[in-house]
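Working notes for the structure below.
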């Protein structure tokens, strides 16, 4: 009897330990890898090797590696400014191309690699090739007729000096209603496909309109929104015979983002997956940033979405997880965890991983590798026991 009791106690303790600390590898796990974060991983063969080794130890399955940001590329391109790629090659002239090296190492360890591609945000890069090719019309114009080229760098001017609103992501944004913008981005993706055909997917980011704070739920409401360039308004008037306002105008702009998704999807190889990093509040994405990612999933225009459910609030994260899995996105939505928010408290990252996996999402992604790599204790806490 005593022996049986000991066996049962041991089993209970083992089960409790398992519940308290599930392995990080339970289900697909992704890492976002910044091009210009603290690690600058692609710039060093040693850092590439370290990323792949540590990702494998974490039980990761997917790497979302930033290769296009602010109109610049970390692959050879005749469209984007590929100065970052050329600098990497100059630093290591006898080695393999960095992206190809990362893909080969990742595949050898069973990891998939998705090219993380920033689409419509240019940060503060006024010299981006797309602006030279398309001109001033490429840049978003607000409801008051002001181009983001004329905004201050931080996206706001405090009263009484001006009436700009604070942007959610300050900087220059491209207008997807301008055909030249879409053509240019599609040609850049062609360059990527040619440079790295062994990729496993294309991961779209900033595939939406910018929004101002405070936010408005569509153009029928007072406030500030974007997309009011002359080309966009002329296209809308030709299609509808109406002025640029109201539900039809919002749907016109929403359709332009979807059109960009379709154009880029058409450029990638059949074996690649197309995914997008999306706003976790789906209604806000639809109304405010004109990003109808639910329709992209429903209509098969993307293979999966990664909802950026970044928060320190565990209860809010749990609400996100359940709503996204059971009410909004279904079984093709990954949950994005803002690991950088909790690197000083890695147990919270682990807790959010557990909350995410309660709902068995399609996958979980951590933002970002750079934040974790900069805190060895946090990385060690998350590695497989």
Mind listing just one residue for me: the one in segment 265-288 that is part of a loop (DSSP other than H, G, I, E, B) and touching a strand residue (DSSP E or B) at 6+ places or on another chain (Cβ under 7 Å) and, of those, nearest to residue 252 (Cα to Cα)?
280
Restricting to segment 87-103, name every residue that is surrounded by fewer than 23 Cβ atoms within 10 Å (Cβ to Cβ) and closer than 20 Å to residue 274 by Cα.
100
Any helices (runs of 4 or more DSSP H) falling wholly within segment 289-385 and containing at least 2 residues that are out of contact with any helix residue (DSSP H, G or I) (no Cβ under 6 Å at 6 or more places or on another chain) and surrounded by fewer than 19 Cβ atoms within 10 Å (Cβ to Cβ):
293-298, 314-323, 346-358, 376-382
Is it fair to say residue 261 is crowded, with 17+ Cβ neighbours inside 10 Å, out of contact with any strand residue (DSSP E or B) (no Cβ under 8 Å at 6 or more places or on another chain), modelled with pLDDT of 95 or more and closer than 15 Å to residue 302 by Cβ?
no
Filter result (free of Cβ contacts under 8 Å to residues at least 60 places away in the same chain and closer than 15 Å to residue 41 by Cβ) within segment 71-96:
74, 84, 85, 87, 88, 91, 92, 95, 96
Based on what the data block shows, is residue 152 within 28 Å of residue 282 (Cα to Cα), assigned to a loop (DSSP other than H, G, I, E, B) and out of contact with any strand residue (DSSP E or B) (no Cβ under 7 Å at 6 or more places or on another chain)?
no
Could you tell me whether any residue of segment 141-152 is surrounded by 20 or more Cβ atoms within 10 Å (Cβ to Cβ), in contact with a helix residue (DSSP H, G or I) (Cβ under 7 Å, 6 or more places away or on another chain) and at pLDDT 95 or above?
no
Inspect all residues belonging to segment 350-373 and state whether any of them is at pLDDT 95 or above and under 28 Å from residue 219 (Cβ atoms).
no
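With the condition being in contact with a strand residue (DSSP E or B) (Cβ under 8 Å, 6 or more places away or on another chain) and closer than 23 Å to residue 208 by Cβ, I'd like the helices (runs of 4 or more DSSP H) fully within segment 64-144 carrying at least 1 qualifying residues. Show your work before the answer.
Numbers: elements: 83-91, 98-108, 129-134.
Qualifying helices (runs of 4 or more DSSP H): 129-134.
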Of these, 297, 224, 290, which one is over 21 Å from residue 183 (Cα atoms) and under 22 Å from the mean Cα position of the chain (by Cα)?
297
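Check whether at least one residue in segment 64-75 is at pLDDT 95 or above and surrounded by fewer than 16 Cβ atoms within 10 Å (Cβ to Cβ), and report yes or no.
Initial filter on segment 64-75 (at pLDDT 95 or above): 64-75.
With the extra rule that they be surrounded by fewer than 16 Cβ atoms within 10 Å (Cβ to Cβ), the set shrinks to none.
No - not one qualifying residue is present in segment 64-75.
Take residue 277 and decide whether it is within 16 Å of residue 366 (Cα to Cα), under 21 Å from the mean Cα position of the chain (by Cα) and modelled with pLDDT under 95.
Working: within 16 Å of residue 366 (Cα to Cα): yes; under 21 Å from the mean Cα position of the chain (by Cα): yes; modelled with pLDDT under 95: no.
Spelling it out, it is not the case that residue 277 is within 16 Å of residue 366 (Cα to Cα), under 21 Å from the mean Cα position of the chain (by Cα) and modelled with pLDDT under 95.
Return the total of residues in segment 198-208 being surrounded by fewer than 16 Cβ atoms within 10 Å (Cβ to Cβ) and in contact with a strand residue (DSSP E or B) (Cβ under 7 Å, 6 or more places away or on another chain). Give the derivation first.
Initially, segment 198-208 is screened for residues surrounded by fewer than 16 Cβ atoms within 10 Å (Cβ to Cβ), giving 198.
Filter once more, keeping what is in contact with a strand residue (DSSP E or B) (Cβ under 7 Å, 6 or more places away or on another chain): none.
Qualifying residue count for the region: 0.
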From the set of residues in segment 165-197 that are over 21 Å from residue 302 (Cβ atoms), out of contact with any strand residue (DSSP E or B) (no Cβ under 8 Å at 6 or more places or on another chain) and in a loop (DSSP other than H, G, I, E, B), which is modelled with the lowest pLDDT?
170
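So which residues in segment 273-285 are touching a helix residue (DSSP H, G or I) at 6+ places or on another chain (Cβ under 8 Å) and over 23 Å from residue 212 (Cα atoms), if there are any at all? Before you say what the answer is, go through the steps one by one.
Initially, segment 273-285 is screened for residues touching a helix residue (DSSP H, G or I) at 6+ places or on another chain (Cβ under 8 Å), giving 274, 276, 278-280, 282, 285.
If the condition is that a residue be touching a helix residue (DSSP H, G or I) at 6+ places or on another chain (Cβ under 8 Å) and over 23 Å from residue 212 (Cα atoms), then 274 is the only one that fits.
Before we move on, is residue 168 under 22 Å from the mean Cα position of the chain (by Cα), more than 30 Å from residue 48 (Cα to Cα), free of Cβ contacts under 8 Å to residues at least 40 places away in the same chain and surrounded by fewer than 19 Cβ atoms within 10 Å (Cβ to Cβ)? Write out each step before concluding.
Details: under 22 Å from the mean Cα position of the chain (by Cα): yes; more than 30 Å from residue 48 (Cα to Cα): yes; free of Cβ contacts under 8 Å to residues at least 40 places away in the same chain: no; surrounded by fewer than 19 Cβ atoms within 10 Å (Cβ to Cβ): yes.
No; evaluated as a whole, the condition is false for this residue.
The values are calculated or read from the model by the stated rules, or taken from the named source; none is laboratory data. Nothing here was measured: the structure is a model prediction, and the numbers come from that model. Neighbour counts are summed over all protein chains in view; Cβ atoms, including those assigned to glycine, are modelled from backbone coordinates with ideal geometry.
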